[in-house]
């Protein structure tokens, strides 16, 4: 399974448009070749270099139908998104995507897509800890997309 974005390549730099200094919208994502036993997908975006234990979670998406192979750019910031699934709360306490906004230096942002052998059936607005707990023992495969961002205005 491979996770891609038309906005930036794996190992690339996140364009300003998708950050707190730009439009702060989610990038378009796509994937292919999920395992046959996939029942749903979950996606978690984290800042690995955030100055707090466990990093900073910027986006949580779950209960994505197994027939889905893409997430459109600028996903609405609401708990349930038609044609996608559910969104959880990021570490700022808001539902939906929160673009990169590192306090200083260059930070690494990793997007992890999980193919699951179950549906989680969590309510909208779940925290990443709840999603990760529900996924335990159900991850069939994982794909990652990593990129960096350095704030321009700092």
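Tabulated data
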read-out: Some residue of region 84-101 being in contact (Cβ under 8 Å) with a residue 40 or more places away in the chain, in contact with a strand residue (DSSP E or B) (Cβ under 6 Å, 6 or more places away or on another chain) and surrounded by fewer than 17 Cβ atoms within 10 Å (Cβ to Cβ); value: no
read-out: Selected residue (only one of 142, 73 is surrounded by fewer than 21 Cβ atoms within 10 Å (Cβ to Cβ), at pLDDT 95 or above and in a strand (DSSP E or B)); value: 142
read-out: Residue 63 at pLDDT 95 or above, in contact with a strand residue (DSSP E or B) (Cβ under 8 Å, 6 or more places away or on another chain) and closer than 19 Å to residue 125 by Cα; value: yes
read-out: Search result, residues across region 102-139 that are over 11 Å from residue 60 (Cα atoms) and surrounded by 18 or more Cβ atoms within 10 Å (Cβ to Cβ); value: 102, 107, 109, 114, 115, 116, 120, 122, 134, 135
read-out: Residue tally, condition under 15 Å from residue 63 (Cα atoms) and in a strand (DSSP E or B), over region 24-48; value: 5
read-out: Pairs where the first residue, in region 112-135, is at positive phi and touching a residue at least 24 places away in the same chain (Cβ under 8 Å) and the second is buried (at least 18 other Cβ atoms within 10 Å of the Cβ) and assigned to a strand (DSSP E or B), C-beta under 9 Å, 6+ apart; value: 121/63; 125/86; 125/87; 125/89; 125/95
read-out: When residues of region 81-109 are limited to those that are assigned to a strand (DSSP E or B) and under 15 Å from the mean Cα position of the chain (by Cα), the one nearest to residue 3 (Cα to Cα); value: 109
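The values are calculated or read from the model by the stated rules, or taken from the named source; none is laboratory data. Note that this is a predicted model, so its numbers are computed, not measured. Positions of Cβ are backbone-derived with ideal geometry, glycine not excepted, and every protein chain shown enters the neighbour counts.
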